[in-house]
Amino acid sequence: MTNIGFIGLGEMGGRITQRLLVAGYTVTGYNRTKAKAQWLMDEGMLWADSPLRVVQAADVIFTMVSNTAALQDVTGGPNGILAGMAPGKIYVDMSTVSPSFSRNLAAQVADQGAKMLDVPVSGSVITLEQGNLSLMIGGDRETFEQIKEILLAIGPKVNYVGENGKAVLMKIAINLSLAVQFQALSEGLLLAEKGGIPRETALEVFLNSVLASPSLKYRAPFIINKPANPWFNVNMMQKDLVLAQELGRELNVPLTSVAVANETLTMARAMGLAEEDYAIMFEALAR
Ligand code: NA7
């Protein structure tokens, strides 16, 4: 069986690694903060001391880190991923980062005779745990076919989107709608509440209406009860909206409602709520 490497064992990366271990793969992992990876070592993951060492130990190497700057840190330098790329290796980045950075990285990987795919995911920690994650794939189709079985072990929905960078573009296009939907729900809910309908009642009616998307069904109840673990916080959502705005400028697509949702997130940050689940957008508007 293919030897897998995984760099970035946070909320998503850690759980994906666990799924790969359960599926029977040998996984060598690295995380900037080693202590956060102990639970995976307890479940059989092998540890490597740097991204380079992971690459040396594996045939297919994954990364799932916070943002473009973090990806730069794990791919560059003498102990980075690029230092170990060689013919036969396949590198898969699952982080939501700038498409141009991703394309550039793929070109550098290709220069070293290896292949890269961008494979961001749609779905939360819960979706992942339910085995229902959706994966989108950018890069060459042949490379995708080579590792399709591994990707299917992560989630059942895999969609090939196009060449390198196209899957992260797709992911950003999806995430902007999540924030805009939440902005719209919050405004409607606030209007109902100020008009005298109790918040709980109004929310229940919203979630029984045609408006209720899977995402709203999962997240809108956080308006009433804050989640124990804010897995997708204000900072993370704003990162994606800023990426969307950069793309909007580049491609001449006016993202008018994204601008509004983005300001609500800035308002939440100004209120000291940056680490809260982005459902806090409602509270930021209500205050
Ligand atoms: P988490 O749980 O915040 O995990 C982020 C991971 O990225 C975690 O392993 C971090 O290591 C790692 N990280 C962050 N900055 C760096 C730098 N500078 N160098 C090396 N490693 C770094 O996020 P999620 O798993 O929920 O989400 C990850 C991606 O999926 C993100 O693109 C989302 O938009 C979607 P740490 O443990 O902090 O040492």
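Taking N as the residue count of the chain, its C-alpha radius of gyration divided by 2.2 N^0.38 Å amounts to 1.05. Applying the Karplus relation 6.51 cos²θ - 1.76 cosθ + 1.60 with θ = phi - 60° to region 150-161 yields 3J(HN,Hα) values of 5, 4, 5, 6, 7, x, x, 10, 10, 10, 6, 9 Hz, where x marks Gly and Pro. Among the chymotrypsin sites (Phe, Trp or Tyr not before Pro) found in region 219-287, not one is both in a DSSP coil and sparsely packed, with 13 or fewer other Cβ atoms within 10 Å of its Cβ.
Would you mind ranking 102, 122, 186, 209 by Cβ crowding within 10 Å, fewest neighbours first? Going from sparsest to densest Cβ surroundings: 209, 122, 186, 102. The mean of 1/r over all pairs of different alpha-carbon atoms in region 122-179, once inverted, gives a Kirkwood hydrodynamic radius of 11.9 Å.
For region 72-119, the square roots of the Cα gyration tensor eigenvalues, ordered a ≥ b ≥ c, give a/c of at least 1.5 with a/b no greater than b/c, which places it in the oblate category.
The C-alpha atoms of the chain define a longest principal axis, and helix 99-111 lies at about 10 degrees to it.
Loop-located GluC sites (Glu not before Pro) across region 197-278 with a Cβ neighbour count of 13 or fewer within 10 Å are 275, with loop assigned by DSSP.
Scalar couplings 3J(HN,Hα) for region 170-186, obtained by applying the Karplus form with A = 6.51, B = -1.76, C = 1.60 to θ = phi - 60°, are 4, 4, 5, 4, 6, 5, 5, 5, 4, 5, 5, 4, 5, 4, 5, 4, 4 Hz; x denotes Gly and Pro.
Give the shape of region 127-267 as rounded, prolate or oblate, defined through the alpha-carbon gyration tensor: a ≥ b ≥ c are the square roots of its eigenvalues, a/c under 1.5 means rounded, and otherwise the shape is prolate if a/b is larger than b/c and oblate if not. Because a/c hits 1.5 or more and a/b fails to exceed b/c, region 127-267 counts as oblate. Ranking of 41, 236 by neighbouring Cβ atoms within 10 Å, starting from the fewest: 41, 236.
Distance from the Cα centre of region 79-156 to that of region 241-255, in angstrom? For region 79-156 versus region 241-255, the Cα centre distance is 23 Å.
Over all other residues within a Cβ to Cβ distance under 14 Å of residue 147, the charged ones net out to -3, with Lys and Arg as +1 and Asp and Glu as -1.
What does the charge add up to near residue 12, with Lys and Arg as +1, Asp and Glu as -1, over the other residues with Cβ less than 13 Å from its Cβ? Net of charged neighbours comes to +1. Rounded to the nearest 10 degrees, the angle from helix 234-251 to the longest Cα principal axis of the chain is 80 degrees.
Residues whose amide H lies under 5 Å from that of residue 3, counting only those 5 or more places away or on a different chain, are 59, 60; hydrogens are built 1.01 Å from N in the peptide plane. An ellipsoid equivalent to region 1-155, defined through the eigenvalues of its Cα gyration tensor, has semi-axes of 21, 18, 15 Å when rounded to whole angstrom and sorted largest first. Electrostatic tally near residue 178: other residues with Cβ closer than 14 Å to its Cβ, Lys and Arg +1, Asp and Glu -1, net +2.
So what does log10 I(q)/I(0) come out to for region 244-287 at q = 0.33 Å⁻¹, using the Debye formula with one equal point on every Cα and no solvent? Result of the Debye calculation: -1.08.
Read-outs throughout are calculated quantities, based only on the coordinates presented, and are distinct from any laboratory measurement. Just so you know, these numbers come straight off a predicted model, no measurement behind them. Counting neighbours? That spans all protein chains shown, and the Cβs are built from the backbone with ideal geometry, glycine included.
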